Amino acid sequence: MSFVISTDKDKLDIKKIHQYISVESYWGVGRTIEEVKTTIDHSFCFGIYDKNGEQIGFSRVVTDQILFAYLMDVIIFTKYQGNGYGKHLVDFMMNHELIKKVKTIALKTKDAHSLYERHGFKKVGNSDFWMSIDKIKL
């Protein structure tokens, strides 16, 4: 398995990201391409690419870079799913210096709880969707 992960937004295939989010995802159906561009402009983004530069997946984080980060739109495009790319993408994100220093990290997922639990995420209250890591001890 040969791949590269980059935070360079200029490499992102926005049309491909938009198509997946707005048509194939359960959380972003109907999101416009303008909305996708705006979310990318205002987020810290990650792209994962094969050895030929073809984009395999995408994710983004909204954060103040100190106290809170929200992982969003973590996707592996359909033809690449089931090959472990999602694990590599999340591993890379969680080990990135920007994410490692944040005190609280949250996300919502319908079906990928085990992917995030291996990084220390836990369910929030009785929610079936919300998960978080809270490094602040009260």
Hey, any hits in the stretch 41-54 for a residue that's surrounded by fewer than 18 Cβ atoms within 10 Å (Cβ to Cβ), in a helix (DSSP H, G or I) and at pLDDT 95 or above? yes
Within the stretch 57-71, is even one residue modelled with pLDDT of 95 or more, over 13 Å from the mean Cα position of the chain (by Cα) and closer than 18 Å to Ile17 by Cα? no
Residues of the stretch 4-16 being open to solvent by less than 60 Å² (accessible area, probe 1.4 Å), of a type outside the set (Val, Ile, Thr) and not in a loop (DSSP other than H, G, I, E, B), in sequence order, are Ser6, Lys16
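The values are calculated or read from the model by the stated rules, or taken from the named source; none is laboratory data. Because the structure is predicted, anything quoted here is derived from the model rather than measured. No Cβ is skipped: glycine too gets one built from the backbone with ideal geometry, and neighbour counts run over all protein chains shown. Only protein heavy atoms, including side chains, enter the accessible area calculation; ligands, DNA and RNA are left aside. Shrake-Rupley method; radii C 1.70, N 1.55, O 1.52, S 1.80 Å.
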